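Heads up, the thing below is written out as structure tokens.
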Amino acid sequence: MFKLIFGALIKTLIGMAILGAILFLAAGTIRYWQAWVMLLALMLPMGASGVIFKLQNSGILERRSYQWNSMSAKRKASIILKYLATLSLLIVPALDTRFNWSNIPVVLTIIGAVMLILANIIWIVSKTANPFAGSGIEIYDGHELCKTGPYAIIRHPNYLGDVLLIFGIPLSLGSLWGFIGIVPLLLLLVERTLDEEGFLIKNLSGYTEYMEGVSWRFVPGVW
């Protein structure tokens, strides 16, 4: 257990160091308190989730790792665009802070941080309910249709976590200009969702009936 927790702590610190370097270099200062808030709200729960998934030993961590060589060119392009857009969610708010382009109330920064924590909680709950929610659009050995937990309410709870992340990052970083990167990320998420559903309809038994029973994809009352 100690080895597992220590390993997760090291990975978390490395992740925080990388993201922190991006934020503080772009902001031109380490006295960027919103960045510290964002790093703690995002990375600490993410590190805890790694420990939880390891203890569950459900195979979700292996399924969530990118199998780059087996991906289609379209999927590779989508991932690259996703990371570039996500990078803009970090750099633009940091530049906003550096040049004082916009200001938002402290309460919105706090709301953004809460959204990041909630995103991690949703990921933990949904991946615990459905360990077949891998990074690829594919059917895994022993794959079963999940209709319990959050999947009884929405079809893609993982993506609800992604939506909270997308909006939570610029808010927690105290920037209005940071919302520039939201549109491409949402479009990529919609495209991914539609591709995944088309594949599951053809390849996962019972998925069509499941869609009829669960109307909403990942934002109840919206889509």
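The values are calculated or read from the model by the stated rules, or taken from the named source; none is laboratory data. As the structure is a prediction and not an experimental result, all values here were calculated from the model. Reconstructed Cβ throughout: ideal geometry from the backbone, glycine too, with neighbour counts over all protein chains shown.
Miscellaneous remarks
- Considering only residues in segment 183-204 that are exposed (fewer than 12 other Cβ atoms within 10 Å of the Cβ) and more than 22 Å from Ile166 (Cα to Cα), the one that is nearest to the chain's Cα centre (by Cα) turns out to be Gly198.
- Residues located in segment 55-88, provided they are of a type in the set (Lys, Arg) and either at pLDDT 85 or above or at positive phi (or both): Lys82
- From the list Ile121, Ile154, the lone residue that is among the β-branched types (Val, Ile, Thr), in contact (Cβ under 8 Å) with a residue 40 or more places away in the chain, assigned to a helix (DSSP H, G or I) and more than 17 Å from Asp195 (Cβ to Cβ) is Ile121.
- Verdict on Ile30 being over 20 Å from Val163 (Cα atoms), at pLDDT 85 or above, touching a helix residue (DSSP H, G or I) at 6+ places or on another chain (Cβ under 6 Å) and exposed (fewer than 13 other Cβ atoms within 10 Å of the Cβ): yes
- Output for segment 177-223, where each listed residue is out of contact with any Ser or Thr (no Cβ under 8 Å at 6 or more places or on another chain), of a type in the set (Val, Ile, Thr) and in a helix (DSSP H, G or I): Ile182, Val183, Val190, Thr193, Thr208
- Residue satisfying condition, being over 17 Å from the mean Cα position of the chain (by Cα), more than 19 Å from Leu61 (Cβ to Cβ) and in contact (Cβ under 8 Å) with a residue 40 or more places away in the chain, within set Leu176, Leu164: Leu176
- Matching residues in segment 75-99 - criterion: being over 15 Å from Leu165 (Cα atoms), crowded, with 20+ Cβ neighbours inside 10 Å and not small (Gly, Ala, Ser): Val92, Asp96, Thr97
- Matching option when the condition is of a type outside the set (Gly, Ala, Ser), more than 25 Å from Trp177 (Cβ to Cβ) and more than 20 Å from the chain's Cα centre (by Cα), among Leu55, Leu44: Leu55
- The conditions of being more than 17 Å from the chain's Cα centre (by Cα), within 21 Å of Gly198 (Cα to Cα) and of a type outside the set (Ser, Thr, Tyr) are met by Gly142.
- The single condition among (1) of a type in the set (Gly, Ala, Ser); (2) surrounded by fewer than 17 Cβ atoms within 10 Å (Cβ to Cβ); (3) in contact (Cβ under 8 Å) with a residue 60 or more places away in the chain; (4) more than 25 Å from Val37 (Cα to Cα) that Ser102 does not satisfy is (4).
- Answer from Ile169, Ile180, Ile137 - the residue that is in contact with a helix residue (DSSP H, G or I) (Cβ under 9 Å, 6 or more places away or on another chain), of a type outside the set (Lys, Arg) and at pLDDT 95 or above: Ile169
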